[in-house]
1. Go through segment 134-146 residue by residue and turn each phi into a ³J(HN,Hα) via Karplus (6.51, -1.76, 1.60, θ = phi - 60°); whole Hz please, and just put x for glycine and proline.
2. At 1.4 Å probe size, what's the solvent-accessible area of Ser52? Round to the nearest 10 Å².
3. Taking the square root of 5 times each eigenvalue of the Cα gyration tensor, what semi-axes in Å does the equivalent ellipsoid of segment 47-89 have, largest first?
4. May I ask for the angle, rounded to the nearest 10°, between helix 12-23 and the longest principal axis of the chain, with both axes built from Cα atoms and the value confined to 0 to 90°?
5. What residues have an amide H closer than 5 Å to that of Gly26, excluding those fewer than 5 places away on the same chain, when H is modeled at 1.01 Å from N in the peptide plane?
6. Can you give the accessible area of Val72 in Å² (nearest 10), computed on protein heavy atoms with a 1.4 Å probe?
7. Grab the beta carbon distance between Asp38 and Thr108, set R0 = 30 Å, and tell me the FRET efficiency rounded to 0.05.
8. Carbon-plus-sulfur fraction of the accessible area of the chain, 1.4 Å probe, in percent?
Amino acid sequence: MAFDTSNGGIVNEGINHILNTEFHAGSQETTWYIGLLDATGSPPFAANDTMSNHAGWSEITDYDEATRQEFVEAGASGGSITNSANKATFSINGECTIDGAFLCSNSTKGGTAGVLMAERLFEEGSRSLQAGDEIQVTVTITLTQQ
């Protein structure tokens, strides 16, 4: 799997977590969470990004919900898994520009613990939002053969 630093993807920590969980009796994370990000670097993403070290982006916490939003996914089909039927909703409470989202194993808003699975820029581009706005985020993870 190649890592596309221009848009993001599954990071090394996420790949290792999948491999260890499925093939090496690693501990499963039963709940995953979506967070919002502001891409501050160029490129914004690196394959070795983790929750405690991601120099190219910062987490946006300007929303009413007390925690990152849960990734409520349907069963995998056709090599993909998604929350498109149950999008993560964030109620914005400040002025911010949101460039993308990340998926991690820790619900703590602004926290640096847990497994970072993936990070990605929005395909539609950045969103400038202000208090009272709402944004819904769909995460789809697709694994393909090479």
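1. Karplus-based 3J(HN,Hα) across segment 134-146 equals 10, 10, 10, 10, 9, 10, 10, 10, 10, 10, 10, 7, 10 Hz.
2. Accessible area, nearest 10 Å²: 90 Å².
3. Details: eigenvalues 118, 66, 11 Å².
Each semi-axis is the square root of five times an eigenvalue, giving 24, 18, 7 Å.
4. 40
5. Under 5 Å from the amide H of Gly26: Thr21.
6. 60
7. On the way: r = 18 Å, r/R0 = 0.59.
Efficiency computed from Cβ-Cβ geometry: 0.95.
8. Working: 3480 of 7910 Å².
Of the solvent-accessible surface of the chain, carbon and sulfur hold 44 percent.
The values are calculated or read from the model by the stated rules, or taken from the named source; none is laboratory data. Model, not experiment: these values are computed from the prediction. Heads up, the Cβs are rebuilt from the backbone with ideal geometry, glycines too, and the neighbour counts pull from every protein chain shown. SASA here: full protein model, heavy atoms, side chains in, ligands and nucleic acids out. Shrake-Rupley method; radii C 1.70, N 1.55, O 1.52, S 1.80 Å.
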